[in-house]
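The values are calculated or read from the model by the stated rules, or taken from the named source; none is laboratory data. Note that this is a predicted model, so its numbers are computed, not measured. Here the Cβ positions follow ideal geometry from the backbone for every residue, glycine too, while neighbour counts run over all protein chains shown. Ligands, DNA and RNA are stripped out before the accessible areas are found, and what is left, the full protein with its side chains, is counted by its heavy atoms. Shrake-Rupley method; radii C 1.70, N 1.55, O 1.52, S 1.80 Å.
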Amino acid sequence: MINAIELDFGAKKEFEIKIENVKAECDDGHYYWIYLDAEGIGTFMDILGRLCPNTPIDNEFLEADTRELLNFFHDSLHFKVFETYILDGKLVSHPLQVVMGKCFIATIYERDSMVVERMLETYQDDFVNFSQSPGFLLFELVDYITNTYQLAYRELEEEIEKLQLNLFEKIDDEIFQKVAKGTQRLLDFRSALVSAREVIAILATRRSPFIRETTQPFLESKSSLLNRLTDDLSTQRAVISDTLNLYMGYVSHKTNSLINRLTIISMIFLPITFLVGVYGMNFDVMPELRWRYSYFLFWCVVFMIVTGSLLFFRLRKWI
């Protein structure tokens with residue numbers, strides 16, 4: 001699917017047009033917004049060849065897995081960011097590509113795009129009431145992208161807080177899987193965030209005929225916002241690391257307490273075991289065994305050993 005909208009900044013009017021009617025030159029303040037999904041890429045490439053004849057177009061120009069995030073050409077600008085959000089408890093990230101010419105901006109997405117959907121819901125009011133130049137479309141695009149990052153960050157932050165709250169309720173090996181999963185999600189999110197931050201920072205500072213100077217201060221503010229989010233992500237990673245260390249310390253403390261109790265029990269029974277071993281030997285001459293009160297005396301000695309050991313451990317504050 002491929003769609004095109006013509007924006008008349010002079011009359012503050014907008015029209016849906018056919019993609020074939022998009023012009024290569026700006027006429028009297030007219031500007032075009034083209035948005036398309038993966039099915040419309042073939043048609044768009046043909047149109048792009050007419051709109052931007054000096055742009056080197058090949059089969060890899062709009063490939064989603066290409067590493068180039070930003071390209072400046074003589075008659076166009078191409079950049080890619082990753083639209084990232086939480087869906088059904090999973091971190092979803094897919095590319096959103098943008099091609100800009102002197103008179104148009106095109107957004108290309110592979111799946112249903114939350115950013116493009118929100119732009120379609122609000123661009124008309126913003127165009128009529130606030131827009132001063134075609135740069136408002138670029139700003140709205142960047143604004144909604146940063147909003148998706150903010151929302152995703154808040155949800156990741158809530159997950160980490162829940163992980164911290166539930167950490168000590170149950171001690172088992174699952175905690176390591178949860179921490180590993182949370183850390184991996186933060187790393188994946190940071191990768192998308194950093195790439196978007198780099199692209200927006202360049203758009204905010206580099207002079208280009210495709211980016212209005214009046215738009216760049218707004219882009220710079222969004223770049224600063226992404227910088228803060230990146231710093232906050234580093235903080236969240238440190239929080240996860242500290243939480244895991246705290247958990248390991250807690251487990252180690254419980255283990256030490258258990259070993260301490262077992263050691264105390266062993267120390268109490270050690271002399272008793274010695275007595276039992278001595279009087280369990282099969283010697284013919286053991287006078288104590290033939291004494292009438294030897295059994296009673298044995299238990300008295302055991303009682304004294306246990307009581308004395310407990311008092312000693314209590315005085316030493318071992319128990």
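Note that region 1-126 carries a Kirkwood radius of 15.4 Å, evaluated over its alpha carbons pair by pair. With the highest mean first, a sort of the peptides 232-238, 140-146 on other beta-carbon atoms found within 10 angstrom per residue produces 140-146, 232-238. Remark: region 265-276, residue by residue, has Karplus-estimated 3J(HN,Hα) of 4, 5, 5, 5, 7, 4, x, 5, 4, 4, 4, 4 Hz, where x stands for each Gly or Pro and the curve is 6.51 cos²θ - 1.76 cosθ + 1.60 at θ = phi - 60°. Per the Debye calculation on region 135-254 with a single equal scatterer at every Cα and no solvent contribution, log₁₀ I(q)/I(0) for q = 0.21 Å⁻¹ amounts to -1.07.
Calculated from DSSP H runs of 4 or more alone, at -39500 (n - 2.57) each and per residue, what is the 222 nm mean residue ellipticity of the chain, nearest 500?
One gets -20000 deg cm²/dmol as the mean residue ellipticity at 222 nm.
Taking Cα atoms only, the orientation of helix 174-205 departs from the longest principal axis of the chain by about 30 degrees. With both residues required to sit in region 1-153, DSSP beta bridges show an antiparallel share near 85%.
Solvent-accessible surface of region 172-319, averaged per residue with a 1.4 angstrom probe and all protein chains in place: 69 square angstrom. For region 202-319, taking Cα atoms only, Rg and Dmax work out to 36.0, 112 Å respectively. Number of Lys-Lys pairs in the chain with C-alpha atoms under 24 Å apart and a separation of 8 or more places or on different chains: 24.
Helix 114-129 axis versus longest C-alpha principal axis of the chain: approximately 50°, rounded to the nearest ten. One decimal place: the segment PHE15-ASP242 gains 76.2 nm when fully extended, by the rule 0.36 nm per residue minus the C-alpha distance.
Charge dipole (Cα centre; +1 on Lys/Arg Cβ, -1 on Asp/Glu Cβ; no other charges) of the chain amounts to roughly 2640 debye. Among beta bridges identified by DSSP and lying wholly in the chain, the antiparallel ones come to about 85 percent.
Entry note, the chain: relative contact order of 13 percent, from Cα contacts under 8 Å with a spacing of 6+ residues. Shown for region 143-250: the carbon plus sulfur share of the solvent-accessible area, taken with all protein chains present and a 1.4 angstrom probe, equals 50%.
The string of couplings for region 82-87 from the Karplus curve (6.51, -1.76, 1.60, θ = phi - 60°) is 10, 6, 10, 7, 9, 10 Hz, one whole number per residue in order, with x for Gly and Pro. Roughly how tilted is helix 41-51, in degrees to the nearest 10 and between 0 and 90, from the longest Cα axis of the chain? With both axes taken from Cα atoms, the answer is about 40 degrees. Note on volume of the Cα convex hull per residue in Å³: of the candidates [x] 202; [y] 146; [z] 166, the value calculated from this structure sits at [x].
Converting phi to 3J(HN,Hα) with the Karplus coefficients 6.51, -1.76 and 1.60 and the offset θ = phi - 60°, region 211-217 yields 10, 5, 5, 5, 8, 4, x Hz in sequence order, with x at every glycine or proline.
How big is the gap, in Å, between the Cα center of region 223-294 and the Cα center of region 94-138? Using only Cα atoms to place each centre, the spacing works out to 62 Å.
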